[in-house]
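Report on one structure; see the data block that follows.
Just so you know, all these numbers are worked out from the coordinates, no wet-lab data involved. Note that this is a predicted model, so its numbers are computed, not measured. Because the Cβ atoms are built from the backbone with ideal geometry, glycine has one as well, and the counts that use them run over all protein chains shown.
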Amino acid sequence: MKAIWSKRRLTDNYDDLAKEFMQCIEDILELDEVKELDNYVQHCNTSRLQHSLNVAYYGFLWAKKRGLDARSVARAGMLHDLYLYDWRKVKTKQHHAFHHPKEALKNAQLLFELNEIEKDSIVNHMWPLSEAFPKYKESYILSFADKYCAVAEVIFQKYNAIVKRKRISREFVS
């Protein structure tokens, strides 16, 4: 298990940082509702579960580097897109960008007792599109991690497509 563009295998026991990160989220990863996120595409070919892992991991690293509550950021990252519908097909009363953070928070609260940082981070992760400004530095970090990972997932998929096309072209010419 790895985050996008990371060389660190998160399930390796020799790496203290990976171990600390996994301890923050291991109970979340065990839930069927979270595992089900693997059945939904988030960005290009990235599943919603992989996207959540990416956001949780990079948010954790950035919060830790700044001496903030990295555990809360990691947990909020895993839960920030906890909704079980295909946003491209399901119509909601509000635009998806405004609806899904509230849906994710509601779902997360059914499964876990969340602290204020986690709640604020989940409901405001779409900032600056959120209805309120985030209250905590950790919430801003989660929002930035979400944007970073979304862009990285699209670029990664496009890059892989280009590499695959070039490889096929070379094989065809050979």
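With respect to the cross-link table entries LYS35/LYS147; LYS35/LYS64; LYS65/LYS93; LYS64/LYS93; LYS19/LYS91; LYS64/LYS91, which display a Cα-Cα separation exceeding 31 Å? As for pairs spanning more than 31 Å Cα to Cα, those are LYS65/LYS93; LYS64/LYS93; LYS19/LYS91; LYS64/LYS91. Peptide packing: for 134-141, 52-59, the average count of neighbouring Cβ atoms within 10 Å per residue gives the ranking 52-59, 134-141, highest mean first.
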